[in-house]
1. From THR118, THR106, THR123, which residue is over 21 Å from PRO33 (Cβ atoms), buried (at least 17 other Cβ atoms within 10 Å of the Cβ) and either modelled with pLDDT of 95 or more or not basic (Lys, Arg) (or both)?
2. Going through region 48-84 one residue at a time, which ones are in a loop (DSSP other than H, G, I, E, B) and either over 17 Å from the mean Cα position of the chain (by Cα) or of a type in the set (D, E, K, R) (or both)?
3. Exactly one condition in (1) closer than 14 Å to GLU110 by Cα; (2) over 21 Å from the mean Cα position of the chain (by Cα) is not met by PRO45; state its number.
4. Return the total of residues in region 85-104 being in a helix (DSSP H, G or I) and either under 12 Å from ILE70 (Cα atoms) or in contact (Cβ under 8 Å) with a residue 12 or more places away in the chain (or both).
5. Give me a count of the residues in region 58-84 that are of a type outside the set (Gly, Ala, Ser), more than 18 Å from ILE131 (Cα to Cα) and in contact (Cβ under 8 Å) with a residue 60 or more places away in the chain.
6. I'm trying to understand the selection: among the residues of region 135-147, which are outside any helix (DSSP H, G or I) and either in contact (Cβ under 8 Å) with a residue 40 or more places away in the chain or crowded, with 22+ Cβ neighbours inside 10 Å (or both)?
7. Scan region 48-69 for residues that are buried (at least 23 other Cβ atoms within 10 Å of the Cβ) and aliphatic (A, V, I, L, M) and jot them down.
Amino acid sequence: MSGRIPAMMMAFALTIIGTALAAAAPQVSPIPPVPPYHSSRPTEPLPATLDPKQFPDAVNRNVYALAAKIKPVLYREPCYCGCDRDAGHLSLLDCFVDTHASVCSTCKEEGVYAYLMTRKGKTPAQIRAGIIKGEWKNVDVTPYTSVAPPR
């Protein structure tokens with residue numbers, strides 16, 4: 001019996017220590033899944049983006065005009081605003097096929113990011129990697145508030 005008590009005390013002590021260590025360990029958040037996108041080029045004609053002229057404000061006119069120029073790229077990019085869950089979107093292009101991007105700063109910033117990176121010669125895969133890393137969050141849409149879109 002005397003050997004059993006120290007063993008029980010040791011087990012109890014190890015349980016307490018283990019619990020304390022687990023509580024003190026930093027909690028790692030799971031990496032959120034990448035929203036939907038198309039990994040390869042479209043095999044069929046892409047839908048048209050909305051006509052920029054229908055928007056009363058310069059930002060949306062300009063951003064929708066940019067989106068129209070890079071539809072195949074937007075088709076291959078994810079959108080991090082949650083529109084896949086809320087609106088059934090399957091890529092960033094879908095945000096510009098309807099009015100969603102006109103009311104969503106995430107979509108506008110990702111769209112401008114994709115346009116700027118396309119102009120720098122980046123591939124859709126490289127642009128996607130930047131979007132996944134959150135590089136689009138550094139985009140300033142202020143230059144797009146003027147009447148004519150910047151080149």
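1. Of THR118, THR106, THR123, the one residue that is over 21 Å from PRO33 (Cβ atoms), buried (at least 17 other Cβ atoms within 10 Å of the Cβ) and either modelled with pLDDT of 95 or more or not basic (Lys, Arg) (or both) is THR118.
2. Selection gives ALA48, THR49, LEU50, ASP51, PHE55, PRO56, ASP57, ILE70, ARG76, GLU77.
3. So PRO45 meets the others, but not (1).
4. At the first step, the residues of region 85-104 found to be in a helix (DSSP H, G or I) are 85-86, 92-97, 100-103.
From the residues that got through so far, the ones that are either under 12 Å from ILE70 (Cα atoms) or in contact (Cβ under 8 Å) with a residue 12 or more places away in the chain (or both) too are 92-97, 100-102.
Here the count works out to 9.
5. Count: 3.
6. Those that are outside any helix (DSSP H, G or I) and either in contact (Cβ under 8 Å) with a residue 40 or more places away in the chain or crowded, with 22+ Cβ neighbours inside 10 Å (or both): VAL141, SER146, VAL147.
7. VAL63, LEU66, ALA67
The values are calculated or read from the model by the stated rules, or taken from the named source; none is laboratory data. Remember, predicted model here, so these are calculated numbers, not experimental data. In this analysis, Cβ positions are derived from the backbone assuming ideal geometry, glycine residues included, and neighbour counts consider all displayed protein chains.
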